[in-house]
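Reading through the structure tokens given below for one structure.
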Amino acid sequence: MEKKRLEKYESLIHSIINEYFIVEGKGLIKNNFLTIMGVKASNNMSLIKVYLSFLKENSENENFKIVQQNSKKIRGYLGNKIRHLIRKIPEINFILDKSEHKASNIEKILSGLDIPKDKKK
């Protein structure tokens, strides 16, 4: 039962933070596309980790810093949306997720390999 509750909570927070970036945060990240890769909450729901990925790899560090600087505004927006659902508004920890870029680099390397076909019959 607890795990299902936690998953619902994570899903709710994911959608609210996504809504923030669509509605309120348009001016924060310029010329880049932001994706929320996942949301993980602690067992007591006092801390959430939000995994972010940016489309343009060359400007992701500066955009990530902008998101971190505005984490209090994002937490305030989250608090206004869920204040009647939960007692304590969780702290937000943003984490830069580079797994998508690493996967595409590995795929490029593998597609460029010249592997001879096996001639065993």
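No lab work stands behind these numbers, since they all come straight from the coordinates. Note that this is a predicted model, so its numbers are computed, not measured. Here Cβ is always computed from backbone atoms with ideal geometry, including for glycine, and neighbour counts include all displayed protein chains.
When shorter helices are ignored and each DSSP H run of at least 4 residues is given -39500 (n - 2.57), the per-residue value for the chain at 222 nm works out to -15500 deg cm²/dmol. The Cβ shell under 12 Å around residue 66 holds other residues with a net charge of +1, Lys and Arg each +1, Asp and Glu each -1.
For residue 93, neighbours were defined as the other residues whose beta-carbon sits under 11 Å from its Cβ, and their charges (Lys and Arg +1, Asp and Glu -1) total +2.
When you filter the trypsin sites (Lys or Arg not before Pro) in the stretch 11-48 for DSSP loop state and at most 10 other Cβ atoms inside 10 Å of their Cβ, you are left with 26, 30.
Around the amide H of residue 95, modelled in the peptide plane, lie the amide H atoms of 50, 51, 52, all under 5 Å away and 5 or more residues distant in sequence or on another chain. Local charge for residue 56 was computed over the other residues whose Cβ lies under 11 Å away, with Lys and Arg +1 and Asp and Glu -1, and equals -2. The label point for residue 85 and the one for residue 43, both projected 7 Å from the Cα toward the Cβ, are 2.3 nm apart.
In this Cβ point-charge picture (+1 for Lys and Arg, -1 for Asp and Glu), the chain has a dipole of about 340 debye about its Cα centre.
Of the residues 111, 59, 15, the one that moves most in a GNM of the chain with alpha-carbon contacts below 10 Å is 111. For P(r) over Cα pairs in 10 Å bins from 0, in percent, the candidate list reads (i) 13, 47, 34, 6, 0; (ii) 11, 30, 28, 16, 8, 4, 2, 1, 0; (iii) 12, 38, 25, 13, 7, 5, 1; the entry that matches the value derived from this model is (iii).
Counting only DSSP beta bridges whose two residues both lie in the stretch 2-112, roughly 55 percent are antiparallel.
Remark: the stretch 39-46, residue by residue, has Karplus-estimated 3J(HN,Hα) of 10, 10, 10, 6, 4, 8, 6, 9 Hz, where x stands for each Gly or Pro and the curve is 6.51 cos²θ - 1.76 cosθ + 1.60 at θ = phi - 60°. For the stretch 28-59, backbone nitrogen atoms closer than 13 Å to the point 7 Å from residue 5 Cα along Cα-to-C-beta are found at 43-46.
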